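Worksheet: the structure to be examined is printed underneath.
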Amino acid sequence: MQILIKNIKELVQVETGQQKLRAMGKEMAQMETVKDAYLLVEDGKIKAFGKMSEWNGTADREFDATGRMVFPTFCDSHTHLVYANSREHEFVDKIRGLSYEEIAKRGGGILNSAKATAAASEDELYDMGQQRLEEAMRLGTGAIEIKSGYGLTTESELKLLRVIRRLKENSPLTIKSNFLGAHGIPMEYRGHQEDYVDLVINEMIPHVADEGLADFIDVFCDQGFFTVEDTARILEAGIKHGMRPKIHANEMAISGGVQVGVKYNAISVDHLEQMGDAEIECLKGTDTMPTILPGCAFFLNLPLSPARRMIEAGLPVAMASDYNPGTSPSCNMQLILSMACIRYRLTPEEALNATTLNTAYAMGVSHELGSIAVGKRANFYITKPIASYEYMPYSYGENKVDRVFLNGVEV
Ligand code: NIG
Ligand code: FE
């Protein structure tokens, strides 16, 4: 079955030469487009694209995109999309002056979500997860990573991961699952958190691995949460069971999380609101994708990660939503694209690479997603009529996505 998108005003982020797995440093500013273009899809994959004037065939189905642009769908490489309850009361507490850490210390935050998750059934969590995925898809997301981490008991963590597995099986989005048992320290382990780390290592990880529930393993390595030593132990156990590390690091403080992530060849280290020269230096020449979460910094009023400094140092930068009820209650990657430009001073080209190709890399799928390239999966969206590709980040907070195609099928 062949599908043709014709009369595309501009086909954005195409790769004509050698396909890249990630864009680093100066490469982040490079982005090719084709004006007055066509895009041909066959059996769910991109078969060809080029100038409309070069097209002279027929296809089984045709879509006319006159006045509209086509972009590859966003890849959202960092989310906590499966959760039970929203936390707007803590949002108000924060406005009144409490910090995220203070709320966490008194049993709110992640522990608040864990309580609600324990009470929710697998079906309820699945239904909520599916609705949120649908919303993300409508906003132009085609691939998403989802973490556990609101369980914090073996039973609840497995429940969350089974929900993610069901979402993987039934959703047209490409989904990767991440085991984040070390997300918070349950109250009963306060003062002896190494016992909780033991539980994660000796009980949770073997169960998760037995059922093949996780692609990645994550740890919240930060001040007030898990230490570098805890993190190293957990990552070693995860790696032994076939899970590649991804890390939450340096949200509250320079935690050593970047270094421990790099040491264990993490596919990404995420947050990075606090970054010194040593952290930037340590990422050079590695396979680890530095990933910034602009929604979290915005929502918590945190310092901004030094994205420009990282790019100038030759590093790649990815940007994801961190969709979760405590620090970033939005899955809108169009907004992340805008924030990348407005708050972090990335150019539109850099911001597009940060939210597609580089996030695809950060979830291990950039060989098949993250750009418009022959042979890649046909995941793209057609915009509403817009003037230029720069309009995408410029028009912040608005939905510019009209129709979404995943695996060549309109969803
Ligand atoms: O990525 N920082 C740790 N974890 C999440 C927040 C989780 C929560 O507050 O519910 C994050 O920001
Ligand atoms: Fe997170």
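The values are calculated or read from the model by the stated rules, or taken from the named source; none is laboratory data. Nothing here was measured: the structure is a model prediction, and the numbers come from that model. Glycine gets a Cβ as well: all are built from the backbone with ideal geometry, and neighbour counts include every protein chain shown.
Observations, loosely collected:
- Residue list for the stretch 287-300, filter: modelled with pLDDT of 95 or more and within 19 Å of residue 331 (Cα to Cα): 291, 292, 293, 294, 295, 296, 297, 298, 299
- Selected residue (only one of 61, 132 is in contact with a strand residue (DSSP E or B) (Cβ under 9 Å, 6 or more places away or on another chain), closer than 28 Å to residue 317 by Cβ and surrounded by fewer than 22 Cβ atoms within 10 Å (Cβ to Cβ)): 132
- Residues in the stretch 341-381 that are assigned to a loop (DSSP other than H, G, I, E, B) and under 14 Å from the mean Cα position of the chain (by Cα): 356, 363, 364, 365, 366, 369, 370.
- Residues that are of a type in the set (Ser, Thr, Tyr) and in a loop (DSSP other than H, G, I, E, B) were ranked within the stretch 313-339; the one that is farthest from ligand 1 (Cβ to nearest atom) is 330.
- Extreme residue, surrounded by the fewest Cβ atoms within 10 Å (Cβ to Cβ), among residues of the stretch 205-220 that are in a loop (DSSP other than H, G, I, E, B) and of a type in the set (D, E, K, R): 211
- Every listed requirement among (1) touching a Leu at 6+ places or on another chain (Cβ under 8 Å); (2) in the same structural domain as residue 46 (by TED's automatic domain parsing) is met by residue 394 save one, (1).
- The requirement of being within 16 Å of ligand 2 (Cβ to nearest atom) and part of a loop (DSSP other than H, G, I, E, B) is not satisfied by residue 191.
- Test result for residue 360, surrounded by 24 or more Cβ atoms within 10 Å (Cβ to Cβ), free of Cβ contacts under 8 Å to residues at least 60 places away in the same chain and either at negative phi or not assigned by TED's automatic domain parsing to the domain that holds residue 246 (or both): no
- One residue alone among 67, 149 is at positive phi, at pLDDT 95 or above and surrounded by 20 or more Cβ atoms within 10 Å (Cβ to Cβ), and that residue is 149.
- When the stretch 250-302 is filtered for residues that are within 16 Å of ligand 2 (Cβ to nearest atom), of a type in the set (D, E, K, R) and not in a strand (DSSP E or B), the ones remaining, listed by number, are 251, 273.
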